[in-house]
Amino acid sequence: MKFPWNREKQSRTPPPLPPMQTAPDRGLTQEEVALRESLGLCNDLPVTNTRSCWTIVKENTFTFFNLIFVLLGLALILVGSYKNMAFLLVAACNTAIGVLQELRAKRAVDRLTLLSAASFPVIREGRKISLPSYRLVRDDVVEFAQGDQICADALVAVGKVYIDESLLTGESDPVERGVGSVLRSGSFVLSGTCLARLTHVGRESYAAKLTAEAGRNVRAAKSDMMESLTKLIRVIGLALIPIGSLLFLHHYGRAYQAMELTAAVELTVSALIGMIPEGLFLLTSIAMASACLLLSQKRVLVQDLNSVENLAYVDVLCVDKTGTITEAELEVDALYPLTEELSLQEIETRLSRFHPPGEKPNGTAQAILHAYPLGKGEAPVHFLPFSSDRKWAGADLGKDGKYILGAPEFILRGSYEALRSRIEGLSAKGHRILLFASCEGELKQSYSPTAVTPLALISLRSILRPHAEETFRYFRQQNVTVKVISGDNPLTVSAIAERVGIEGAEQYVDASLLKTEEELKSAAEQYTVFGRVTPEQKQKLIRAMKEQGHNVAMTGDGVNDVLALKEANCSIAMACGSQAACQISRMVLLNSDFSAIPEILAQGRRVINNIRRSASLFLVKNIFSIGLALILLFVNMVYPLQAIQLSLISSLTIGIPGFFLAMEPNYSRVKGRFLRNVIRNALPGGLTDLVMLLLIGFLSARLSLDQGVTNTLCVYLVAGIGFMTLYHVCVPFSSLRRVLFAGLLAAGIGGFLLFPGFLELSALQLEHRLLLALLLPLGYLLMRGIKRAINIGT
C-alpha cells in the first residue's frame, strides 16, 4: 500500500515566506496554494517514522556476513564444488525472516497512520471544500468541529472551541480556545466549532517536532544477548579475511605442494563456514519470529524483533494511570448532600438537566449523565462550558435557578477551608471531587464566594481496567518493579495504584516540585508514583532509572510520551492513542489491552532462556573451527572436514535440535550474562573437538594414514562429540527430548551408512574402527574433565 508520506525526501529548509493573515471567508487562492506547495509548506507528513520497503530489504540483505557468504559461494562455483554450497540456504532463510517480519510491522503501522489521515473542511477561494489533512498548506483556513483531531498548529480566527490536550500534556481537563488562541496539533476538539488559520504544518508542527526529536537516531535498544552476538560478529568478521587468506595459502602452497586449487578452496571455505555462527542467527530469527507470531494472535504488533528480548530483561515497568490502570471514563461513586434546602432527589434532578442535550460531554460530564440521565425537564436556558482557567461549568435552569459544577477550591476560594478536611479525605481514596452549588445573579465568568451556596459534593472515581489487579500481581511475582508516571494529582494516582495492588504505591511525589536534575534522579529510585510530570521529566526519569542499572520498559499513548518511549529499553504503545506513540514504539497493543504485557514478557523469557541453552551447541563448532584454523597456520596439516560434511553434522547436532529446544516453554526469569554462560557451556565440546582433531592429525602422520581415512575419522569423531554435547543439553530428558535425540542419532548413523560417497567418506578397515572406538570414549572423558574444570573455576 502506498501513502503520500512514504516518499523519501531529503531534509530541506523551505525559503522564507511571511505568514499571511488569510481572510476566513475567502481562504487561499489556487496560486497561493501552489506557491506554498512549491516551497514545501505542506502538511504532508503525518507523524511517522516507518522506513521504506526498499530500505528494509537493503538493510537486511546487504550485510557483512551475507557478503562473505556470497563470496564463498562464488569461490565454490568457480571450482565447480556445488554440493558444498548448502550453507547459502541458511543465510537466505535468515535474511528472508528478518525482511518479512519488518515488512509486516511496516504495513500494520501504515494502516494505523492511514486511519488518522482524516479530511477537513477548508476555505479555498471563498468556497468550502473537503481535503485530506496531507493536502493542506500553511495559511489555509480550516474548520475544526467537535470530535476532530487538530492536524497542524493553528490560530483561531472565528469561533470558540474546548480542546482536550491530554495526548500532548497528560492533563485531561478541557481547555478553552477562542479567537487568537493557539491550537496545537495532536489535540482534540471536545465541543464547539471554529475557523483556524494553519501556522505550522508538516515537520514544523508541534506534534511532528516532538516526534522528530524522539525519532532522531532511533535504534532498537540492544539487550545482553544481541549486544553479545554483535560483539561476536565483530571479532569473527575482523578475523575472517586474514585467516581465510592465510589458510588458503597454507592449503595451496605450503601444506601439500601438489594440492589442487579445487581442494584448497573447498577446505578453506569449510574452515570459514565453521567459524561463522550463521545457524545461531537463523535460530534467533526463527525464535523471535515465532514469538512475534504468537503475540500477533494476542493482538500485539512487534515492530522490532529485538524488542521481544528487551522486555525479557525488564526489571522496571513505567506506566501511566489512564489507559493502563484505569479506563479513560469516570463513574460517580457517591453524592454527599451539604444542605437541607433541597432533597437528594431534587439535587439529582437538577444534575440531570445541567448539561444541554446538544453539547458533547467531556469525561466528567459523561459520568454525571450516566449516573443521572437526562430528565424530562427543560434544557438549560444558558450553559457556560467548563474552562480550565476557572475550573467549573455553569447552567441556568430557568425557574429552578442557576448552578455551577466544578473544582471546590476554585468555586469556594476563601470559603474552601470549611470543607477542606472532608474533600481531602475523599481525595485520599483516589476519588475526584466536584462541588455542585447554586449561585445568585446572572450566569457569569466569576462569582464572589458569598454568592455561592454549596449543595452537594460528588465523588468520581476512575474505572479500573479489566484484569488490572491480576496483571500487576503478575509483575510483583516476577520481581518487576512498577512505576506510575502521570500528569494527574499524585495523591489521586497513589490511591488508584493502591487499589490495584502496586507495591510501594504510598510512596508518591509531585514532580512539579522537583526542580533540579539531582532531585529527579534521587526521586527516580525513591518513589513509585510520580504526579504532574511533564514530557521532558518523563524522559529524564527513564534515563535516570537506566543510569541506576535498571532495564526499563515504558507504556504510553500520547504525543507527550514519545520522548520517554524513545528513551526506554523497550517501548510499548496503545493503538488507541496517538500515531506518534505507535510509530516510535517497538511494540503496539492493537487492542490497547495492558493485560497482554505479561504474555509479551513470558514470550521474551521463553525465547531468551531457550536460545541461551541452544546457543552452546552452535558455538561448539565455532570454537573448534577458529582454534583449528589458527593452529593449522603453523603445522603441516590441512583442515580435516568438507563443507558438506560439516553441514550435515551441524544440522543433526546443532540446527535441528536447537530449533526444537528453542520452541519449548521456559518462562523463568533471565539471569546472568548471555555470552559468558553460552561460552562456558560450549567450551567443553569445542575444546574436546579441537584436541581430538589435532590428536588424529598427529596419529595420521605417525601411522601414515591415508588422507581420506583421516578425514573420515575426523567426521565420525566430530559427530560423536556433537551428540555427546547434545545429550548434556537435553538433560533433564522429557518425552520430546528423548524422541528428538534418538531420531537425530538414527538419522546421523543412517546418513553415514547410506550416503558415504556423497559425503566423501572412505571405507574404514578394522584397525581404523578400533582406533575410532578408542578415541570416542577418550573424547567423552576429556569433555567431562574440561567441564568439571570450568565449573570449579567459576
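What's the carbon and sulfur percent of the chain's accessible surface, probe 1.4 angstrom, rounded to a whole number?
Result for the chain: 57 percent of the exposed heavy-atom area is carbon or sulfur.
Charges at C-beta only: +1 for Lys and Arg, -1 for Asp and Glu. How large is the resulting dipole of region 619-765 about its Cα centre, in Debye rounded to 20?
Details: 9 positive and 4 negative charges, 147 e Å.
Here the size comes out at about 700 debye.
Using a 1.4 angstrom probe, figure out how much accessible area region 667-730 has per residue, in square angstrom, rounded to the nearest whole.
Values: 2670 Å² over 64 residues.
Per-residue accessible area for region 667-730 comes out at 42 Å².
Against the longest alpha carbon principal axis of the chain, how many degrees, from 0 to 90 and to the nearest 10, is the axis of helix 490-499 turned?
Value to nearest ten degrees: 60.
With a ≥ b ≥ c taken as the square roots of the eigenvalues of the C-alpha gyration tensor of region 324-445, please select rounded if a/c is under 1.5 and otherwise prolate if a/b is larger than b/c or oblate if it is not? If you can, show how the numbers build up before the last one.
Details: a/c = 1.44, a/b = 1.17, b/c = 1.23.
Judged from the Cα gyration tensor, region 324-445 comes out rounded (a/c under 1.5).
Across region 131-136, in residue order, what do the Karplus-derived ³J(HN,Hα) couplings come to in whole Hz, using 6.51 cos²θ - 1.76 cosθ + 1.60 with θ = phi - 60° and x for Gly and Pro?
In residue order, the calculated couplings are 9, x, 4, 6, 9, 7 Hz.
Which residue, ASN310, GLY406, LEU774, has the largest displacement toward the positive end of the dipole of the chain when charges sit on each Cβ (Lys, Arg +1; Asp, Glu -1)?
LEU774
Once every DSSP H run of n ≥ 4 in the chain is given -39500 (n - 2.57) and the sum is divided by its residues, what mean residue ellipticity at 222 nm do you get, rounded to the nearest 500 deg cm²/dmol? Write down the numbers at each step before the final one.
Numbers: 27 runs with 386 residues, N = 794.
The helix-only estimate for the chain comes to -16000 deg cm²/dmol at 222 nm.
Which whole-number percent gives the relative contact order of the chain, counting Cα pairs below 8 Å spaced six or more residues apart? Kindly include the intermediate steps, with their values, before the conclusion.
Details: 1418 pairs, mean separation 105.0, N = 794.
Reported relative contact order: 13 percent.
At 1.4 Å probe radius, can you tell me the per residue accessible area of region 469-520 in Å²? Numbers along the way, then the final one.
Values: 2480 Å² over 52 residues.
For region 469-520, the per-residue accessible area is 48 Å².
Rounded if a/c is under 1.5, else prolate if a/b is larger than b/c, else oblate: which is region 669-794, with a ≥ b ≥ c the root eigenvalues of its Cα gyration tensor?
Values: a/c = 2.55, a/b = 1.46, b/c = 1.74.
Cα axes put region 669-794 in the oblate bin.
Rounded, prolate or oblate, given the Cα gyration tensor of region 585-743, with a/c below 1.5 counting as rounded? Let's see the in-between values first.
On the way: a/c = 3.07, a/b = 2.40, b/c = 1.28.
Prolate, because a/c is 1.5 or more and a/b exceeds b/c.
If we sort 710-723, 400-413 on the protection proxy, mean other Cβ atoms within 10 Å, highest first, what's the order? Show your work: numbers first, answer last.
Working: 710-723: 22.6, 400-413: 19.5.
Ranked by mean Cβ neighbours within 10 Å, highest first: 710-723, 400-413.
Enumerate the amide H contacts of SER387 below 5 Å, restricted to partners 5 or more residues apart or on another chain; note that Pro and chain-start residues carry no placed amide H.
TRP392
Sequence-distant or interchain residues sharing an amide H contact under 5 Å with ASN569, placed H: which?
Distant-sequence amide H within range of ASN569: VAL552.
To test your reading of the geometry: what angle, between 0 and 90 degrees and rounded to tens, separates the Cα axis of helix 87-116 from the longest principal axis of the chain?
Value to nearest ten degrees: 10.
Using unit Cβ charges (K, R positive; D, E negative) and no other charged atoms, how large, in debye to the nearest 20, is the dipole of the chain about its Cα centre?
Values: 79 positive and 72 negative charges, 497 e Å.
Around 2380 debye, computed over the chain.
Tabulate in residue order the Karplus-calculated ³J(HN,Hα) for region 396-408, using 6.51 cos²θ - 1.76 cosθ + 1.60 with θ = phi - 60°, rounded to whole Hz; enter x for Gly and Pro.
Those phi angles translate into 9, 9, x, 5, 7, x, 10, 9, 10, 9, x, 6, x Hz.
Residues in region 187-206 near a label at ALA328, defined as backbone nitrogen under 12 Å from the 7 Å Cα→Cβ point?
Taking a point 7 Å out along Cα→Cβ of ALA328, the residues of region 187-206 whose backbone N falls under 12 Å are 187-190.
Looking at the chain only, what percent of DSSP beta bridges run antiparallel? Nearest 5 please. All intermediate terms of the calculation are to be shown ahead of the outcome.
Details: 62 of 83 bridges.
Roughly 75 percent of the DSSP beta bridges within the chain come out antiparallel.
Can you give me the distance in nm between label points at GLU260 and GLU442, each placed 7 Å from the Cα along the Cα-to-Cβ direction?
My value for the distance between the label points is 10.8 nm.
What label, among (i) 34.5, 117; (ii) 26.8, 83; (iii) 27.7, 94, belongs to Rg and Dmax of the Cα atoms in Å computed from the structure on display?
(i)
Can you check what the net charge comes to around GLU498, using other residues whose Cβ is under 14 Å from the Cβ of GLU498 (Lys, Arg +1; Asp, Glu -1)? Before the final figure, lay out the partial values.
Numbers: positive: LYS321, LYS429, ARG461, ARG473, ARG476, ARG499; negative: GLU469, GLU503, GLU506.
Around GLU498, the surrounding residues sum to +3.
Quick one: net charge of ALA523's neighbours, Cβ under 12 Å, K/R +1, D/E -1?
Details: positive: LYS483, LYS515, LYS521, LYS540; negative: ASP510, GLU517, GLU518, GLU519, GLU525.
Net charge around ALA523: -1.
What residues have an amide H closer than 5 Å to that of VAL158, excluding those fewer than 5 places away on the same chain, when H is modeled at 1.01 Å from N in the peptide plane?
HN-HN under 5 Å from VAL158: LEU195.
From the backbone phi of region 314-322, what are the Karplus-calculated ³J(HN,Hα) couplings (6.51 cos²θ - 1.76 cosθ + 1.60, θ = phi - 60°) in whole Hz, Gly and Pro given as x?
5, 10, 9, 10, 9, 10, 9, 6, 6
The values are calculated or read from the model by the stated rules, or taken from the named source; none is laboratory data. All values derive from a computational prediction rather than experimental measurement. Methodologically, a virtual Cβ is constructed for each residue, glycine included, from the backbone with ideal geometry; neighbour enumeration extends over all protein chains shown. Ligands, DNA and RNA are stripped out before the accessible areas are found, and what is left, the full protein with its side chains, is counted by its heavy atoms. Shrake-Rupley method; radii C 1.70, N 1.55, O 1.52, S 1.80 Å.
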